[in-house]
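Structure, as C-alpha cells:
The values are calculated or read from the model by the stated rules, or taken from the named source; none is laboratory data. Predicted model, so just to flag it, every value in this text is computed and none were measured. Reconstructed Cβ throughout: ideal geometry from the backbone, glycine too, with neighbour counts over all protein chains shown. To get the accessible areas, we keep the full protein, side chains included, count just its heavy atoms, and leave off ligands, DNA and RNA. Shrake-Rupley method; radii C 1.70, N 1.55, O 1.52, S 1.80 Å.
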Amino acid sequence: MQEKNGFVLRGNICYSDGSKKLVICPKSYVVCQEGICRGVYQELPKEYESYIVKDMGDALIIPGLVDLHTHAPQYAFRGLGMDLELLDWLNTHTFPEEMKYADADYAKKAYTMFVEDLKKSAVTRAVIFATLHIEGTKILMDLLEASGLDTYVGKVSMDRNALEGLQEENAEAAAKAVRQWLLETEGRYEHTKPILTPRFIPSCSDALMAELKSIQEKTGLPLQSHLSENPGEIQWVQELCPNSSSYSDAYYQAGLFGGDCPTIMAHCVWLKEEEISLIKKQGVFIAHCPQSNTNLSSGIAPVRRFLDEGLSVGLGSDVAGGYSTSVLRAMADTIQCSKLRWRLVDAKQKPVTLEEAFYMGTAGGGAFFGKVGSFLEGYEFDAVVFDDSELLHPQELSVRERLERLIYLADDRQIKSKFVKGNLIYEKNEKNS
Ligand code: GUN
Ligand code: FE
C-alpha cells in the first residue's frame, strides 16, 4: 500500500536527537510528506490538516531499526555451534552451510524464511552478507526488493583458506564474479543496493584485494567486511600480512578502508590506539555486534571509547554469530556488555546508556543510509509502531519507561505496523498475527 503523498501518525513518539538525547513526545503527531519526516508536534500544524491522521492510540512509535551487519545465509543455522570460537565455528558450521547456497532451490527456500522474518521485525534497513554465489545472491536481492525493506547486499568475495567448493579459484575469477554480479543486477532494484564484500583478510588474497580496489575505483561502491573480532583471527592476520602494522592497516594498505567510499567494519573488538585514529580519519563505520562477540568468545568491544571519539557506530545482529535477529536485543546486549567491560576491564569506561544504545540501533547505523533513523525534520520516514499492552505491569509507567521495557522485553509480536520511506510495508492482521 502506497502512503507517499502525506500522512500523520499519532501516538507516543520516541526518537534520538544525537547520541545523548532521547526525545519523548507523549500523544503527539509525526508527519510524513513524500516519504520524508516533517517533524513531531503536540498539535498538528494547519498546513498538514488535510493529511490523513492514523491514530495509533496508546502505541509507541519509534524510528525503524538498522541492522548494520548480518549474514542472510546463516539465518538457517542460528543457535547451532554456540559453544565454539570464531574460527572453529566458521569451519564447522558456517562454511558447510554457506556451500549449500550453490543450489538455487535451497537458496530460495532459506532466503525466503530470512526475508519473511526481517519483514515482520522492527528492522527497516539492513546491510547484509550473502554468499559467494551469484545466482543465490540475486535471489536474495529479488526477495528483499519485493519486501519493501531498504538494504545493501554483498556477494561475498573469498579466494583462500575456506573449504573446497566455497572458495573462488583465484583473484581474477573472484573479480570476474563480482563484475558479472554487478552487471546482472544493475538498474534492477530501487531499494536493494550492492556493496563490495571481501569476507575478511584471511579469506582474501592480496591480489583479490587489489582487484576489489580497482572495481571500487571504477564504481565508487561502498564496502563491508570484518575487523579485529577474535584473538585467534587477529594473530592469523598478522601472519598473513607481516608488513602491516595492524589488522586495520592491512585493509588500509589495500586501499579498502574508508576515505571516499563508505565502509563498514564489523566487530572492532581488539583495536590498537592507532587503529582507532585511522578509523576516525577514514570515516569508517563500526558495526558493534555484542551478542556475536559473546557467543563466539570474541571479547567486549570498547563502545564507550568509540562514542567518546565521535566515531560512527551502529549495531549488528551478526546472525548467526548472534542467534537473535533483534536489534532491540542488540541494544540491550550493548548495555549489558558495556557494563561487564566497565566492571571487569576498564573502570574508566562508563557503561553505555539507554540513550546511546537506542541511538546506535537507529540513527547511528542509519547514518550509513543518509538521513535515516530519527524523526528529526528532513529524515527519511522509517517508523515502527509497537503495541506494548501485553508487556503487563500494574503500576503507572512513563513513555520513557515503556520504551526502556520495550528494548528489553519486546519481540516481533508487539509490532503493529512498519513504514519504510513512507511506505507501509508490514501491518499485523488476523492472518499474520
Ligand atoms: N569473519 C569472517 N567470516 C565471518 C562470519 O561469517 N561471521 C563472523 N562473525 N565473523 C566472520
Ligand atoms: Fe559477521
Close pairs (6 angstrom Cβ cut-off, 6 or more residues apart or separate chains): under 18 Å from residue 352 (Cα atoms) in segment 314-328, modelled with pLDDT of 95 or more and within 9 Å of ligand 1 (Cβ to nearest atom) anywhere: 316/69; 316/266; 316/289
Number of positions in segment 202-231 that are in a loop (DSSP other than H, G, I, E, B) and within 16 Å of ligand 1 (Cβ to nearest atom): 5
Residues that are over 20 Å from the mean Cα position of the chain (by Cα) and open to solvent by less than 10 Å² (accessible area, probe 1.4 Å), drawn from segment 257-275: 275
Test: residue in segment 287-299 that is touching a residue at least 60 places away in the same chain (Cβ under 8 Å), of a type outside the set (A, V, I, L, M, F, W, C) and over 22 Å from residue 128 (Cβ atoms): yes
Some residue of segment 187-194 being part of a loop (DSSP other than H, G, I, E, B), in contact (Cβ under 8 Å) with a residue 60 or more places away in the chain and open to solvent by 20 Å² or more (accessible area, probe 1.4 Å): yes
Qualifying residue in segment 349-368 (condition: of a type in the set (Gly, Ala, Ser), touching a helix residue (DSSP H, G or I) at 6+ places or on another chain (Cβ under 6 Å) and closer than 18 Å to residue 122 by Cβ): yes
Some residue of segment 56-68 being under 19 Å from the mean Cα position of the chain (by Cα), open to solvent by less than 40 Å² (accessible area, probe 1.4 Å), within 12 Å of ligand 1 (Cβ to nearest atom) and of a type outside the set (Asp, Glu): no
Enumeration of residues in segment 288-300 that are within 18 Å of residue 89 (Cβ to Cβ) and either more than 20 Å from the chain's Cα centre (by Cα) or open to solvent by less than 10 Å² (accessible area, probe 1.4 Å) (or both): 289, 290, 292, 293, 296, 297, 298
Residue count for segment 218-253, restricted to those that are under 16 Å from residue 90 (Cβ atoms) and open to solvent by 10 Å² or more (accessible area, probe 1.4 Å): 7
Where a residue in segment 252-273 is in contact (Cβ under 8 Å) with a residue 60 or more places away in the chain and its partner, wherever it lies, is open to solvent by 30 Å² or more (accessible area, probe 1.4 Å) and assigned to a loop (DSSP other than H, G, I, E, B), with Cβ under 8 Å and at least six apart: 262/283
Segment 249-273, residues that are within 16 Å of ligand 2 (Cβ to nearest atom) and out of contact with any Asp or Glu (no Cβ under 7 Å at 6 or more places or on another chain): 251, 263, 264, 265, 268, 270
Residues of segment 284-328 satisfying the condition of being assigned to a strand (DSSP E or B) and within 10 Å of ligand 1 (Cβ to nearest atom): 319, 322
Segment 199-241: number of residues that are out of contact with any strand residue (DSSP E or B) (no Cβ under 9 Å at 6 or more places or on another chain) and of a type outside the set (Asp, Glu): 17
Selected residue (only one of 331, 265, 360 is more than 16 Å from ligand 1 (Cβ to nearest atom), touching a His at 6+ places or on another chain (Cβ under 8 Å) and modelled with pLDDT of 95 or more): 360
Residues located in segment 82-102, provided they are touching a residue at least 24 places away in the same chain (Cβ under 8 Å) and not in a helix (DSSP H, G or I): 82, 84, 85
One residue from 377, 309, 355 being open to solvent by 20 Å² or more (accessible area, probe 1.4 Å), more than 30 Å from residue 278 (Cβ to Cβ) and either free of Cβ contacts under 8 Å to residues at least 24 places away in the same chain or not basic (Lys, Arg) (or both): 377
Residue in segment 76-95 that is in contact with a Lys or Arg (Cβ under 7 Å, 6 or more places away or on another chain) and either within 16 Å of ligand 2 (Cβ to nearest atom) or farther than 25 Å from residue 330 by Cα (or both) present: no
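Matching residues to (1) over 15 Å from residue 379 (Cα atoms); (2) under 27 Å from the mean Cα position of the chain (by Cα); (3) among the hydrophobic types (A, V, I, L, M, F, W, C); (4) at pLDDT 95 or above:
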| position | (1), (2), (3), (4) |
| --- | --- |
| 1 | yes, yes, yes, no |
| 11 | yes, yes, no, yes |
| 15 | no, yes, no, yes |
| 19 | yes, yes, no, yes |
| 24 | yes, yes, yes, yes |
| 31 | no, yes, yes, yes |
| 43 | yes, no, no, yes |
Residue among 384, 345 that is hydrophobic (A, V, I, L, M, F, W, C) and either without any contact (Cβ under 8 Å) to a residue 40 or more places away in the chain or farther than 28 Å from residue 7 by Cβ (or both): 345
